[in-house]
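Remarks on the structure that follows.
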Amino acid sequence: MAKTSEFLEIPATITDRGQTTVPAAIRKMLHLRKRDRVVFRGLADGTVIIAKEQAHVEEEDPVIGKFLEFLARDMVDQPSQIRPPPPALLSRGKALVKGVKVDLDAALPDDEA
């Protein structure tokens, strides 16, 4: 970790899945908590800036809204057409996540300094 009066530099590793952990010092600087979102801003010179995403009111997608309304109406109008997923699809889904353990509520560990 390099620290000057101008910037703080902390190396991090990118996983095989293209992921990394935001270092504890950076999370503290940005006041990040669980489930907060960040934005990456790439500058023309190759510099990347990470910032806490500012809360904003999301506009509703009119197409998605209309589709969800259609589905809700259709389920009410034709409940006999609702079918459970086929067993083969359930088996495939279970096989895809077999052995995967994710605790989304687990705290990220502090970085070693």
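No value in this document is a laboratory result; all are computed from the given coordinates. What you see is a predicted model, and the numbers here were worked out from it, not measured in a lab. When we count neighbours, we look across all protein chains shown, and the Cβ atoms used for this are built from the backbone with ideal geometry, even at glycine.
Odds and ends about this structure:
- Working note: 222 nm ellipticity from helices only, DSSP H runs with n ≥ 4, each -39,500 (n - 2.57), summed and divided by the residues of the chain, gives -9000 deg cm²/dmol to the nearest 500.
- Hz values of 3J(HN,Hα) by residue in the range 66-73 - Karplus curve (6.51, -1.76, 1.60), Gly and Pro given as x: 5, 5, 5, 4, 4, 4, 4, 4
- Note that the range 85-90 has calculated 3J(HN,Hα) couplings of x, x, x, 5, 5, 4 Hz, one per residue in order, obtained from phi through the Karplus relation 6.51 cos²θ - 1.76 cosθ + 1.60 (θ = phi - 60°); glycine and proline are x.
- Legend: distances between Cα atoms for K34/K98; K28/K66; K34/K94; pairs beyond 32 Å are K28/K66.
- Sequence-distant residues sharing a close amide H with T21 (under 5 Å, placed H): T13
- Convex hull of the chain built on C-alpha atoms - directionally averaged projected area, nm²: 12.8 nm²
- Gyration tensor (alpha-carbon) shape descriptor, the range 44-102, a/c threshold 1.5: oblate
- Put simply, when 24-36, 60-72, 92-104 are sorted by average Cβ atoms within 10 angstrom per residue, most first, you get 24-36, 60-72, 92-104.
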